[in-house]
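Here's the structure we're looking at; comments come further down.
Values quoted throughout were computed directly from the atomic coordinates according to the rules given, and no laboratory measurement underlies them. Keep in mind that this is a model prediction, so the values were computed, not measured. Every residue, glycine as well, gets a Cβ built from its backbone with ideal geometry; the counts of neighbours run over all protein chains shown.
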Amino acid sequence: LTFGAAQSADGITDQVFTTTRKDGLTHTVAKLGKRIVVTDVDHHPLYEDWKWGGAIVGLPLKIRDRIVGVMNVAMRKPHQFDEAELRALELLADQAALMIQNASLYENVVKERRSVQLVYGLAQELANSLDPAEILDRAIALTTAHLGARAGEAFLINRAQGVLELNASYRDDDLPRALLEEKLRLPIGEGLVGWV
């Protein structure tokens with residue numbers, strides 16, 4: 001579980017707990033996929049080692065049968081949650097799960113669009129060249145820039161010498177090409193590139 005967000009009714013956020021206990025409420029809700037209502041934390045087994053005088057409800061954020069998160073709502077004092085409150089909290093949890101799913105789907109669409117744009121851009125850039133070195137230079141520059149990466153390299157195999165030779169490089173650290181060629185001349189089967 002990773003921390004997502006927190007909001008306090010009085011605007012105080014300096015006491016937000018961003019880590020969860022392995023045997024605590026949040027992990028238990030995530031494991032069981034069920035709502036847990038604690039009307040008084042000082043008298044509940046999930047809070048034996050952490051008494052803070054309030055009440056809390058943990059709700060699973062579900063998309064179909066898949067748990068994507070947990071939403072907790074806490075009170076500063078013990079509180080008997082009535083059915084109307086619990087229904088409202090469950091509706092909020094359902095809406096939050098739907099928003100998370102929509103955000104994830106949108107992110108996937110954006111990534112797919114970027115991939116299509118990259119392929120299209122590469123095709124456009126490379127359509128007029130038959131020179132392998134120029135094709136590799138353009139392909140590496142476009143791909144590295146498109147992904148927001150720090151560096152990209154392309155190698156060709158020199159079968160006579162049994163090595164991979166650097167043929168294209170695009171980097172944000174301005175290392176000299178000659179130094180890269182020396183350091184990145186790899187025997188086939190050695191290092192990540194050689195293994196690939």
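Site pair LYS77 and ALA5 shows an inter-label distance of 2.9 nm when each label is modelled 7 Å from Cα along Cα→Cβ. Looking at segment 42-81, the trypsin sites (Lys or Arg not before Pro) that sit in a DSSP loop and have at most 16 other Cβ atoms within 10 Å of their own Cβ are LYS51, ARG64, ARG76. Label sites at TRP195 and HIS27, each approximated as a point 7 angstrom past Cα along Cα to Cβ, lie 3.2 nm apart.
The computed volume of the Cα convex hull per residue in Å³ for the structure shown corresponds, within (i) 140; (ii) 191; (iii) 215, to (iii). Exactly which chymotrypsin sites (Phe, Trp or Tyr not before Pro) in segment 130-196 are in a DSSP loop and have at most 10 other Cβ atoms within 10 Å? Here no loop site has a sparse enough neighbourhood. For LYS51, the lysines whose Cα falls under 17 Å of its own Cα, not counting residues fewer than eight places away in the same chain, are LYS22, LYS77. Distance from the alpha carbon centroid of segment 64-99 to that of segment 128-187 works out to 52 angstrom. Axis angle, to the nearest 10 degrees, between helix 132-147 and the longest C-alpha principal axis of the chain: 20 degrees. Using Cα atoms only, what is the angle between the long axis of helix 83-126 and the major principal axis of the chain, expressed in degrees (0 to 90) to the nearest 10? Once rounded, one gets 10 degrees. Only lysines eight or more places from LYS111 in sequence, or on another chain, were considered; those with a Cα closer than 28 Å are LYS62.
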